[in-house]
1. Just one of (1) under 30 Å from K119 (Cα atoms); (2) surrounded by 14 or more Cβ atoms within 10 Å (Cβ to Cβ) trips up P325, so point out which.
2. Every residue in the range 246-300 that is free of Cβ contacts under 8 Å to residues at least 40 places away in the same chain, assigned to a helix (DSSP H, G or I) and touching a helix residue (DSSP H, G or I) at 6+ places or on another chain (Cβ under 7 Å), please.
3. Need pairs with beta-carbon distance below 6 Å; first residue closer than 14 Å to K505 by Cβ and within the range 473-493, second in a helix (DSSP H, G or I) and hydrophobic (A, V, I, L, M, F, W, C); sequence gap 6+ or separate chains.
4. Could you check how many residues of the range 13-26 are modelled with pLDDT of 70 or more, surrounded by fewer than 18 Cβ atoms within 10 Å (Cβ to Cβ) and not acidic (D, E)?
5. Write out, first by first residue and then by second, each pair whose Cβ atoms fall under 8 Å of each other, whose residues are 6+ apart or on separate chains, and whose first residue, in the range 303-314, is under 17 Å from D248 (Cβ atoms) while the second is in a strand (DSSP E or B) and of a type in the set (F, W, Y).
6. Could you tell me whether K301 is out of contact with any Cys (no Cβ under 9 Å at 6 or more places or on another chain) and crowded, with 17+ Cβ neighbours inside 10 Å?
7. Can you pull out the residues in the range 187-210 that are hydrophobic (A, V, I, L, M, F, W, C) and either at pLDDT below 95 or in a strand (DSSP E or B) (or both)?
8. Determine which member of the set Y214, Y182, Y190 is touching a Pro at 6+ places or on another chain (Cβ under 6 Å) and not β-branched (V, I, T).
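The values are calculated or read from the model by the stated rules, or taken from the named source; none is laboratory data. Remember, it's a predicted structure, so these values are computed and weren't measured experimentally. Here Cβ is always computed from backbone atoms with ideal geometry, including for glycine, and neighbour counts include all displayed protein chains.
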Amino acid sequence: MKKQVLSIAILFCCLTIVAQSKKELFSVNKKPVSVSEFKRVYEKNLGLVVDEDSKNIDKYLDLYINYKLKVNEAYSLGLDTVRAYKRELEGYKKQLIAPYLQDQESINKMVKEAYSRIKNEVKASHILVRLPKKATSADTLKAYNKIIEIRNRVVSGESFAKVAREMSEDPSAQFNGGNLGYFSAFKMVYPFEDNAYKTDLQGVSNPFKTRFGYHILKVTGKRESKGEFEVAHILARDRSIVGKAKIDSLYKKIKKGESFEEIAQKYSEDVGTAQLGGKLPKFGTGKMVEDFEVNVLALKKINEVSKPFKTKFGWHIVKLLKTYPINSFDKMKVTIEKKVKSSDRLRVSQKAVLDKLKKEYDISIYDKNFEIFTNKSIKELSKMQLTHDNLLSINNKKIKQKAFFDYIRYRRKEDIGLLFEGFKNEEIFNYFKEDLVNKEPEYKHTLTEYKEGLLLFELMQQKIWKKSANDSIGLQRFFNKTKGNYKQKKLEDIKGEVISDYQKKLEDDWIKDLRKNNVIRIRKRELKKLKQIYNQ
């Protein structure tokens, strides 16, 4: 039901906010509606209207006036101040604003970059020095100095795996020496992936930061991606010579021509796949342990069977069932773009927007008013009156010291300089969002659609739908008066149809009251000109 009301609002809202003409067609309580606004709405909906009568200018004008009366009533009742309405509208606003916070040029570059990386895999080992979530400048410097020392040991000739086992704060380094195997785009956080792909084969990266801390990595392999695979396997879990003997005997059966699938069903110790003939879900690089993946990649022909091999899970035999090569860029573009926009890559795009805004806006920092934050503790600041002094200005908007204090109140340990930079960036984006209605007519138009659609939904709930559903006496009275319009003579047999008709009656009566209680003025000269345009 709400979607229907929102659709009605969309039908009646103007296509653009900037009027092509300021000539007034009609007004409701002195609130004017221009000729151009009505024309755009009318023309937009000509193709959507099935009923030819509804294309009549006079009839369409009546509908549009009714719409404006309802919107006016919703505002007069204060429905726009209801908490639930505000909360839902805020959710819509976030969705509407999101595309404007993205730089399409940088997104396009990242889509192409991601496709290239999907086609080409990289193998890397890493060493991690962790940072606490709310790291101070001292924490950051300590971690950075440590990763520098670690890198110096590696580039001086020490084994990367040895240093990783000794120094890395990634727990897995104790048993894998930091080796992460092969991976491609979207498998790691973007800063890690980016450094891996930009580091030469056998090269060691400079230190770089992710949300986990500081890293260095060594690239130990690069190869073209083979896409995804569908395989079946047989597993003997005993990793000793007993398991080896079992898997060898099963391999001999297969070589003699016995069915791989039947042997898997009878003898495989992977309970999840045995009854499926050993069939595993489709997978690509990084999904399986490296020993398993290497043996799958060695299979070149469909239905080819590997020799027995060992992993940490036991002994395996693998049969290649199907391969799925990488699709063309054109086929993958839409999917990749969705991944870019839903991953941490989006920050790169948002930074591009932020950089543009910093160049576009007149931004000033009141250094003297900032000094107090560098030499006072949070406790001391909380006892002071930080309300009126300006700290930051963005164009004509002034941001007070109090706003920054509220921002840092619960972030006591973090570096004040970094906090202020984050605060400033947030305020720049806030200003951009607030100013969007002035800069982007389509955004303002769409936001108006949602505002009025949500208001109309709540208004119709109160005035029509709830009343028709709960007013059993009124419904019965209406049915008694209109019984001749129905073939069935019992209300309970056609209640849904009667409720629908009752709602229409309630709405018609309500519209009559609205027209009586509001001042509607139509400019007949402009209406006549409008009819001439459409040959009416």
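1. (2)
2. Residues satisfying the conditions are K253, I263, A264, Q265, Y267, A274, Q275.
3. Going by the 6 Å Cβ cut-off, the qualifying pairs are F479/L491; F479/V498.
4. 1
5. P308/W315; F309/W315
6. No; evaluated as a whole, the condition is false for this residue.
7. Passing the criteria: V204, F208.
8. The match here is Y214.
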